[in-house]
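Peer 1: Okay, here's the structure, questions in a sec.
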Amino acid sequence: MTESTENMSNSGRFRLPFLFSGQAQKEFFINEALAKIDCLLHPVIGGILSAPPAQADDGDTWLVGPAPTGEWAGQDDSLAVYHAGTWQFIPPRFGLRVFDAGSNQPMHYTTSWTTAQAPQAPQSGANADIELRQAFTELIEGLKTLGIFGVT
């Protein structure tokens, strides 16, 4: 049986905390939700790491890579957000997009994180038409990877 909205304590997609009547320390729950929302609105990551960086500032966000260690153990593919001296983790949802400032390109999550790869530029010569067709095909596949074109 599903819970009614009144009895739920978190939102369905990103587990943002809800307030309830008579709740003490509401500011704690509001601040937690705002920190997650701040990360998820136009998300930018510093790159992909499998362990926390030595230094982090509030708001710094990283994508947790494979086989994470330390505080990040068990958080594969999550967004790690540094807030108020601790790491918070946001598991990705289908369709989430982030911009990777480290590689200067967007990333897209479906069942795993993907990025588009630039196609090889066609060379001149007898095979230019074949190479151009191949480059165009690779370009379309890259746009599909980013979710710009629907996957057929």
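Peer 1: Residues to consider are W87, W62; find the one that is touching a helix residue (DSSP H, G or I) at 6+ places or on another chain (Cβ under 6 Å) and not in a helix (DSSP H, G or I).
Peer 2: None of the others qualify; the one that does is W87.
Peer 1: Test L63 against the stated conditions and say whether it is closer than 16 Å to D38 by Cβ and in contact (Cβ under 8 Å) with a residue 12 or more places away in the chain.
Peer 2: Judged against the criteria, L63 is not a match.
Peer 1: Looking only at residues in region 43-98 that are over 30 Å from K144 (Cβ atoms) and among the acidic types (D, E), which one is surrounded by the most Cβ atoms within 10 Å (Cβ to Cβ)?
Peer 2: D60
Peer 1: Please work out which one of (1) under 29 Å from L143 (Cβ atoms); (2) modelled with pLDDT of 80 or more; (3) assigned to a loop (DSSP other than H, G, I, E, B) is the condition R13 fails and give its number.
Peer 2: Here R13 meets the rest and fails (2).
The values are calculated or read from the model by the stated rules, or taken from the named source; none is laboratory data. Here the structure is a predicted model, which is why all the values come from computation and not from measurement. Cβ coordinates were reconstructed from backbone atoms using ideal geometry, including for glycine residues, and neighbour counts include every protein chain displayed.
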